[in-house]
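Structure, as structure tokens:
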Amino acid sequence: MRPGSLHRTLAAVAVIVACAAAALWTATDGLSALTSETARRLAVAREPLPLPRAHLADGRELGAAIRADGRVVLVDFIYTQCESLCTALGSDYQQLQRELRRQGLGDRVRLLSLSFDPERDDPPTLARHQQRLRADPALWQADTIPDPRERTALLSAFGIVVVPDGRGDFVHNAAIHVVDSQGRLRRIHGLGGWRQALADALALR
């Protein structure tokens, strides 16, 4: 290969590498995030996300209910027929409830499980579910968002993907979401991350 051709080839390769590096930098949020989920968590941590307007089963607006309570809320999304991820979330929330009791933190932090299956998870069904988990209503409530448009917007804001599996159940992801007393999403933690979620909740007060 002639020197001129070699130089042009090397220059072209350098441009391609530079473009790839720039794309990687952008896609990974400055290499801080190697997945879209990690990028989403970093974005929420940097800039709190106000929740979209959504109403609970009793008609209360979710954000207003959180602000009126004055406590930081740890939110997860479940459905009561689930025997996989929701069971793991229930275990995390039982651990959180024990810790709230042990440290006397019930006036600062509470737990909220929101069902994305309101057709089956009516208030009596949710109440039975909570009883099975020995949930203390003063610390851990369960509710749902009946309006499908509001529910879809809320799931999207929290980054929860719910797909019917064709057999009456759902495939979905799971996380523990820290919502401050102003009704803003502040932190997101995966399954098993309940200790850090609680620490973040306490740091917000």
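See the values below:
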{"item": "Check on THR80, of a type in the set (Val, Ile, Thr), farther than 21 Å from LEU198 by Cα and not in a loop (DSSP other than H, G, I, E, B)", "result": "no"}
{"item": "Single residue of ARG67, ARG71 found to be buried (at least 17 other Cβ atoms within 10 Å of the Cβ) and of a type in the set (D, E, K, R)", "result": "ARG71"}
{"item": "Near pairs, Cβ below 9 angstrom, 6+ apart or cross-chain, from the stretch 52-64 (touching a residue at least 40 places away in the same chain (Cβ under 8 Å)) to any residue that is part of a strand (DSSP E or B) and among the basic types (Lys, Arg)", "result": "GLY63/ARG184"}
{"item": "From TYR93, TYR79, residue being surrounded by 14 or more Cβ atoms within 10 Å (Cβ to Cβ), in contact with a Phe, Trp or Tyr (Cβ under 7 Å, 6 or more places away or on another chain), among the hydroxyl-bearing types (Ser, Thr, Tyr) and at pLDDT 95 or above", "result": "TYR93"}
{"item": "Leading residue by the ranking (farthest from VAL178 (Cα to Cα)) among those in the stretch 99-115 that are touching a residue at least 24 places away in the same chain (Cβ under 8 Å) and surrounded by fewer than 19 Cβ atoms within 10 Å (Cβ to Cβ)", "result": "ARG101"}
{"item": "Filtered residues of the stretch 62-103 (kept if under 15 Å from GLN141 (Cα atoms) and of a type in the set (Asp, Glu))", "result": "ASP69, ASP76, ASP92"}
{"item": "Failed item in (1) surrounded by 13 or more Cβ atoms within 10 Å (Cβ to Cβ); (2) under 17 Å from VAL73 (Cβ atoms); (3) without any contact (Cβ under 8 Å) to a residue 60 or more places away in the chain, with ALA138 passing the rest", "result": "(1)"}
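The values are calculated or read from the model by the stated rules, or taken from the named source; none is laboratory data. Just so it is clear, the model here is predicted, and its values are computed rather than measured. Neighbour counts run over all protein chains shown; Cβ positions are idealised from the backbone, glycine included.
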